[in-house]
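See below for the structure under consideration.
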Amino acid sequence: MIRKLIKEDRDLIKQLLIDTKNFNDEEINIALELIDIYLDDEKQDDYTIYSYVNGDDGKAAGYICYGKRPMTDSTYDLYWIAVDPAVHGKGIGSKLIEFMEDDLKKNKAGLVLIETSGLENYSGERKFYEKNGYKVQTIIKGFYRKGDDLYIYHKYI
């Protein structure tokens, strides 16, 4: 089941971000900052966050965070998506992407952008985005730091 993020999801999502062993401390802190803004400020409309809830135990096993890109009519950013490594390969990430795209279509979105690292340990994420119909728009060499390129993916929905 996919539902809006609730406060009880926060610590589970923090743990799954750690367990993926793909995010550094700074990235995890930024993800949690967005979660906290979403949970603590009912008036904010910069971020939309949903959890994938495991039917067995009712606990969050994944999440997705996206929002409208400022100064655009219909462009959205996928900011974060993560799934508990214990349930990787079961289609949860693709279900979250499909859910986001369906939600954005209702809001008349036209374009979704995703930014990610070019490091080797992000190759699985890049393959995942491509499997879900996202295309590489551009690669900016050395964007994050020397040897760590920025990949920007796009998909018109």
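Here, each number is a calculation from the coordinates, and none is a lab measurement. Everything numeric here is computed off the predicted structure, so don't read it as measured data. Here the Cβ is made from the backbone with ideal geometry for all residues, glycine too, and neighbour counts use every protein chain on show.
Spin-label pair Asp73-Phe99: with each label point 7 Å from Cα along the Cα-Cβ axis, the two points sit 3.0 nm from one another. Judged by the ratio a/c of the largest to the smallest principal axis of the C-alpha gyration tensor, the range 27-111 counts as oblate, that ratio being 1.5 or greater while a/b is no larger than b/c. Ordered by the number of other Cβ atoms lying within 10 Å of each residue's own Cβ, fewest first, Val87, Val53, Val136, Val112 fall into the sequence Val136, Val87, Val53, Val112. Expressed per residue, the C-alpha convex hull volume of the chain stands at 116 Å³. Look at Asp19, Asp41 and count the other Cβ atoms within 10 Å of each Cβ; fewest to most, that gives Asp41, Asp19.
Put a dot 7 Å past the Cα of His88, heading toward its Cβ, do the same for Ile18, and the two dots end up 1.8 nm apart.
Spatial offset of the range 112-157 relative to the range 57-93 amounts to 15 Å, using the alpha carbon center of each. Between Thr138 and Arg3, the simple label model (points 7 Å from Cα in the Cβ direction) yields a spacing of 4.1 nm.
With neighbour counts taken as other beta-carbon atoms within 10 Å, the residues Phe128, Phe143 rank, fewest first, as Phe143, Phe128.
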